[in-house]
Structures are given as C-alpha cells and as structure tokens.
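Below is one structure; the comments refer to it alone.
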Amino acid sequence: MASAQFRFHGALNDFLPPRRRVVRFAHAFTHLGSVKDMIEALGVPHPEIDLILVDGRAVDFGYLVQDGDCIEVYPFFAQVETPGPLRHLRPPPLAEARFVLDTHLGKLANYLRMLGFDTLYRNDYPDDELARLSSSEDRILLTRDLGVLKRGIVQHGYYVRHTNPEQQLVEILARYDLLKGLQPFRRCMHCNGLLHPVEKSALAGNCRPTFCRITQTSTPAPIAARSTGAVRTTTGCAPLSSVCWAWIGGKAMTNSPAPSLLYPPAAPPTEATPRPIDPQDTLQLARIAAEIAPGRGYIAFIQAELQRLVRDPATLRYRQAVLADALALPELVTGLGGFLALAENLEGFIGFASRREDGLRQVVLRLGELENYLASVEHLHALLSGLAE
C-alpha cells in the first residue's frame, strides 16, 4: 500500500486530531488522488491553505500524490523559504471585504453589519446556495461547517474558530485586517441595506416608540428602506460589550485619531487663533473651566481652549451641532455627569506608584484603582446601552 508523509503548519492544525498536530505523520492510500482531495480527507479545508510543498517543491491543488512523497502544508501568513519559486494557492485579496455567513452565525452577521460590512445572512441558506453566493459575488464565506467550506467553487472562505459571537467578531476583524475599513452604523442590521437620513416627520407610524421619544428634534435619522416600504431605525442595535468595543477602539486608535468635539474631522484647529488673555477674566473662563473639567489637571487645558477665537464658519456649525446633539438627549447629559464623577475618583490614584509604599498597600491601591476604573466603564456602558434600547 502506498503512503505519503504529511505535516501541517500553523492554524491548519486546528482541524487535526491532537496526535497529528505539529508532527509529521504517514497517510496510506490505495488510489492516486489529488493533493487537495487527500488534504481535505484529513480534515483541512482548501480555502485555508496558501502553500503546498512536495519534497520542497511548490505544487498546486491538482498535483497527484505519489508513494513516498513528503508533503508540507502551510496556511496564509506563513513565512517559508524554499530553493525554488513559490506557488501561492490563496487567491488575491478581494478589493472590498464582503461576506456571506451560514446559519450558525446570525449574531456575527449582525455585528459585521453594525460595523458597516456588506454581509449576506439568512437562517435557511442551503449549502449549495452559500457556495454559489461566495463564488459568484466574490464574498468571503464564513462558516462553522467544514462540508460547505470544502466545496470546490469556494475560493474565499474561513472556518470560524470561536463560538462566542463577540470573540468571533474580534477573530474576523483580526484575520482580514478590517480595522481600517470600519464604518459603524451605515447598514441596517436586519436587511443589510445602506442607511440614509430622512426627516423625522417622514417616519410617522413607522418608527419605534423609543426612537421617537429620544429624537425630539427634526434632525435627520438614519434608516434603511425595506422591500415592504417600512423602515427600521438603527436604535435597535444590540450593543457589543465594553470589552469588545475596547478591543476594537484600541486597535483602531493606531490607525485613526479619536474624533474631536471642537473641530470637524476635515478641519484641524489651524483656523483658531489665541485671543489675548484677559487679566480680569471678564468672561469668567476660569470658573467655566473649573465647572466642566473632570479633574483639576484639566482646568488649564480647557481654559486655554476656551480662549481660542474661532472664525471658521464650518467649525462654528460643527460645535453648534455637537451642542444640539447633547441637548436633544438629556438622559445622556445627566448620565455623563455621573460618569465624570466616577472618572474624577481615578485622579486620586495618579502617581501613587512612585510613592514608597509597602507591598500590601501597593496591592490595595492598585485594586482600588481597578475597581474605580471598572465602575466608570460599567456606568458608561449601561448609559449608552439604555439609550440604544
């Protein structure tokens, strides 16, 4: 009986039984077959494979396995040095990350739509339809069903490892490097349609009571038109946990700056010129800064910003819009007051690490700082979640 030696690298070992992971093992066969069929018979789906080496030579999926072959199988992202040219099997990345998800990933579909990604999902897609959509529309097939992932027409596909929806989201964002493409709340989580603004008066009888109660002004509201002619507002979005948002925000911060409440994104604060400092403080800027500062260390900075004279009309309109948004949500204004009070408590822990305290006191202070931080985050998360309900 003929046999070949196999070894799988990196994440491909997730599909193998423990005894075959990260080791070379023999696989016996009676009939010649393609290396693709043999690899998938061992449990590894072809869309996750980027390179196959047979005795150090790169081959494609159609290679017929011979007796005595030594086969190395690599996933995408693997760094491999070979004497000959490499033949990568993974197709070029798609110009736009678009997805189709199987029936087990409904919550993940909602989260991807919430972050702005074109995501097809139905809870009754048959396997052949999933494979067809992935192939014909150049969509990445996300699934926890190895059978559909092994279909020959599937070029872009991935087996989702985690079972928790939020962990799945983090997994997909990292796998496909999607942080630069985040456009939250531009798609309807129900139908995947693009949202567009409409006047509140046009939503009469079609919007949820909570949405109508929160949106007291005629500010355009994002909605998605559905085939029935009804509308669905984004206020129905199921919130991600603070931990998941923290991961997304922390990663995205390396690529884009945080939004400013003072200046529009397209207009950095170059138009602002400092006004002469008023020695008598006739505008009482010091008192205003002290009232709104979350801590003493912020007063000087806030007062300096208040002393900037801005003549740019776009910047003035932007600040007026920010203020209008806040005034339209009194629950947010009140809730942020409580959050700032909690955040101010953290100021008492600043610099304690440099003091010469004994080990036990250091531990107690650290635990107190962590407890206050968690209380601040939980308060803010509860506030934002309540507004979204």
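Observations on the model:
- Residue within segment 60-72 that is among the aromatic types (Phe, Trp, Tyr), more than 17 Å from residue 12 (Cα to Cα), in contact with a helix residue (DSSP H, G or I) (Cβ under 6 Å, 6 or more places away or on another chain) and in a strand (DSSP E or B) present: no
- Condition check for residue 67: without any contact (Cβ under 8 Å) to a residue 40 or more places away in the chain and surrounded by fewer than 19 Cβ atoms within 10 Å (Cβ to Cβ): no
This table checks each residue for (1) under 21 Å from residue 92 (Cβ atoms); (2) outside any helix (DSSP H, G or I).
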{"position": "109", "(1), (2)": "no, no"}
{"position": "117", "(1), (2)": "yes, yes"}
{"position": "131", "(1), (2)": "yes, no"}
{"position": "167", "(1), (2)": "no, no"}
{"position": "171", "(1), (2)": "no, no"}
{"position": "185", "(1), (2)": "no, yes"}
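- Picking from residues in segment 346-360 that are surrounded by 12 or more Cβ atoms within 10 Å (Cβ to Cβ) and in a helix (DSSP H, G or I), the one that is modelled with the highest pLDDT is 346.
- Every condition in (1) touching a residue at least 40 places away in the same chain (Cβ under 8 Å); (2) under 19 Å from the mean Cα position of the chain (by Cα) holds for residue 144 except the one numbered (2).
- Matching residues, segment 146-163, being over 19 Å from residue 123 (Cβ atoms), outside any helix (DSSP H, G or I) and out of contact with any Ser or Thr (no Cβ under 6 Å at 6 or more places or on another chain): 150, 151, 152, 155, 156, 157, 158, 159, 161, 162
- None of 21, 87 is closer than 29 Å to residue 169 by Cα, of a type in the set (Lys, Arg), out of contact with any Ser or Thr (no Cβ under 9 Å at 6 or more places or on another chain) and surrounded by fewer than 18 Cβ atoms within 10 Å (Cβ to Cβ) except 21.
- Evaluating residue 142 against the criteria (1) in contact with a strand residue (DSSP E or B) (Cβ under 6 Å, 6 or more places away or on another chain); (2) within 16 Å of residue 40 (Cβ to Cβ); (3) not in a loop (DSSP other than H, G, I, E, B) leaves one unmet condition, (2).
The values are calculated or read from the model by the stated rules, or taken from the named source; none is laboratory data. In this text, all values refer to a predicted model and were calculated from it rather than measured experimentally. Positions of Cβ are generated from backbone atoms using ideal geometry, with glycine treated the same way; all protein chains shown enter the neighbour counts.
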